[in-house]
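K.L.:
Below you'll find the structure I mean.
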Amino acid sequence: MSYAIRDIAVIGDELAKKGKKIYYLNIGDPVNPDVSDFKTPDYIIEALVEAAKKGYNMYGNSLGVYELREKIAAEENRRNDLDLVPDDVLLTGGVSEAIFFVASALVEEGDEILVPGPVYPPYMSYARFFGGTPVEYKLDEARNWQPDIDDFASKISKKTQFILLCSPNNPTGALYDEKFTREIGKLAAEYNIPLVSDEIYDQILFEKFESYKCHVSILKNDLPIIGMNGFSKAHLSTGWRLGYMYFHDPQGKLEQVKRSIEALARIRLCVNVPAQYAAIKTMEEPKEHTKVMVEKLWKRRDFCIKRLKEIPGISCVIPDGAFYLFPRLDFLVQKRGPWKDDKEFVLDLLKETGIMAVYGSGFGKYGVNHLRMTFLPPIDVLDEVFNLLEAFLRRRMP
């Protein structure tokens, strides 16, 4: 198995050991000081320390601290007009563990899952780990990375075990429009296929923030939906590995799946207990840190788009949310330049300039001839990056 986001870091780390300055644009970690200037808010850290001092260092409930599950259920109900109860919520070691749980419960040898392409690599890896096949439905770059409903419909089969939705999307930053979401709901109902909704970036939105509706708030009716979210991104606590999943299951179609996932949760004992108590504090006293972060990211995104437009041979759809750019390397599409593919280009760029991005082909077949880079660093650092990128292309292009 491979994971392009981390695989590229191995090479970058070796270069850093030799003294080369590395610009870490490969990973979406807003609190890594090598990446960005964002920090976990002090009151959240203090809540973690206080939890440890109070003795919350022992194993906890395998499904999660009940008080936190209560608060998550109430918040999801408020934001998405659901009717969850605490027992519908399960705490996980980040969304990554939630993905693993879903795949383990729903995928067997020969099964398929539908994932958006370009696709976040772990969805593909976990499906294959359990003997399944990830089938990518096309996000159309010409339509601002909106899903192609005809392509989507053509890829549903009797083997499809679940449909993944990811909005804002990683790696494109696109928000799916309501029309597509409703169409996907109709097809899911027709074929009796559960939806899995990755909502980890749902609070990191730009222009469309006021009008945005989560998939679940649009599709809630009788569709079985497994939602996944967490505290890593919006609450700046990536290393704490605290996520959650919830089951919207009005007709009880997910009952066996839920029981299987709860059994897995018991096997792995529990999620970071002090971090769960810190999350309770975060939900009881939400501060301005997410709003401030989004305002800064918005300015950084706009700066990056401006700079990309000034560089010949590269084009980029403006992301609606998250903190990723997914520019197209037009010169590769046109077969210009000395690189045979996007991976070779990204490796060459890293070795010569220290810019660590991720090759687009690592995000599936619809990511070919692209690269993913974050816009997490401050603008002065991003300016250095684009100066280096522009000079690199001038030197290397015929």
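K.L.:
Which value, in Å to one decimal place, does the Kirkwood hydrodynamic radius take for segment 130-255 when every pair of different Cα atoms is included?
P.N.:
Working: mean 1/r = 0.0646 Å⁻¹.
In segment 130-255 this quantity evaluates to 15.5 Å.
K.L.:
Mind checking segment 235-276 for chymotrypsin sites (Phe, Trp or Tyr not before Pro) that DSSP puts in a loop (not H, G, I, E or B) and that have at most 14 other Cβ atoms within 10 Å?
P.N.:
Details: sites: W240, Y244, Y246, F247; in loops: none.
Loop-located and lightly packed - none at all.
K.L.:
Also, I was wondering about something else. Counting Lys +1, Arg +1, Asp -1, Glu -1, what net charge surrounds G354 among other residues with beta carbon under 10 Å of its beta carbon? Let's see the in-between values first.
P.N.:
Details: positive: K20, K21, K351; negative: E352, E384.
Once all neighbours under 10 Å are counted, the net charge is +1.
K.L.:
Next question. Using every pair of alpha-carbon atoms in the chain, split the distances into 10 Å bins beginning at 0 and state the percent of pairs per bin, rounded to integers.
P.N.:
Per 10 Å bin, starting at 0, the Cα pair percentages come out as 5, 23, 32, 26, 12, 2, 0.
K.L.:
Of all the C-alpha pairs in segment 24-163, what % are more than 24 Å from each other? Can you show the working numbers first?
P.N.:
Working: 5444 of 9730 pairs.
Percentage above 24 Å: 56.
K.L.:
Taking the Cα-to-Cβ direction at R6 and at D83 and moving 7 Å from each Cα, how far apart do the two end points lie in nm?
P.N.:
My value for the distance between the label points is 4.1 nm.
K.L.:
Another question, then. Tally Lys and Arg at +1 and Asp and Glu at -1 over the other residues with C-beta under 13 Å from the C-beta of K281: what net charge comes out?
P.N.:
Details: positive: K54, K71, K287; negative: D42, E46, E50, E67, E284, E285.
Here the count lands on -3.
K.L.:
Still on this structure, please answer the following. Please report the antiparallel percentage of the DSSP beta bridges confined to segment 43-284, to the nearest 5. Provide the component values of the computation, followed by the final result.
P.N.:
Details: 12 of 29 bridges.
For segment 43-284, the DSSP antiparallel bridge percentage is about 40.
K.L.:
Shifting gears a bit: Would you mind checking K20/K281; K20/K233; K253/K287 for any pair whose Cα atoms are more than 32 angstrom apart? Intermediate values should be presented prior to the final figure.
P.N.:
Numbers: K20/K281 41 Å; K20/K233 28 Å; K253/K287 38 Å.
K20/K281; K253/K287, as the Cα separations exceed 32 Å there.
K.L.:
Moving on to the next point. Dividing the alpha-carbon radius of gyration of segment 1-94 by 2.2 N^0.38 Å (N being the number of residues), what value is obtained? Spell out each step's value before the answer.
P.N.:
Working: Rg = 19.2 Å, N = 94, 2.2 N^0.38 = 12.4 Å.
Against the compact-globule rule of thumb, the ratio is 1.55.
K.L.:
Net charge within 13 Å of Y66 by Cβ-Cβ distance, Lys/Arg positive one each and Asp/Glu negative one each, not counting Y66 itself?
P.N.:
Numbers: positive: R69, K71; negative: E67, E70, D87, D88.
Net charge around Y66: -2.
K.L.:
Another question about this same structure. Take the chain, connect every pair of alpha-carbon atoms lying under 10 Å apart with a spring to form a Gaussian network, then pick out the residue of K208, K39, K258 with the largest mean-square fluctuation.
P.N.:
Ranking K208, K39, K258 by mean-square fluctuation puts K208 first.
Every number in this text was worked out from the coordinates using simple rules, so none of it is lab data. For clarity, every value in this text was computed on a predicted model and none was experimentally measured. Glycine gets a Cβ as well: all are built from the backbone with ideal geometry, and neighbour counts include every protein chain shown.
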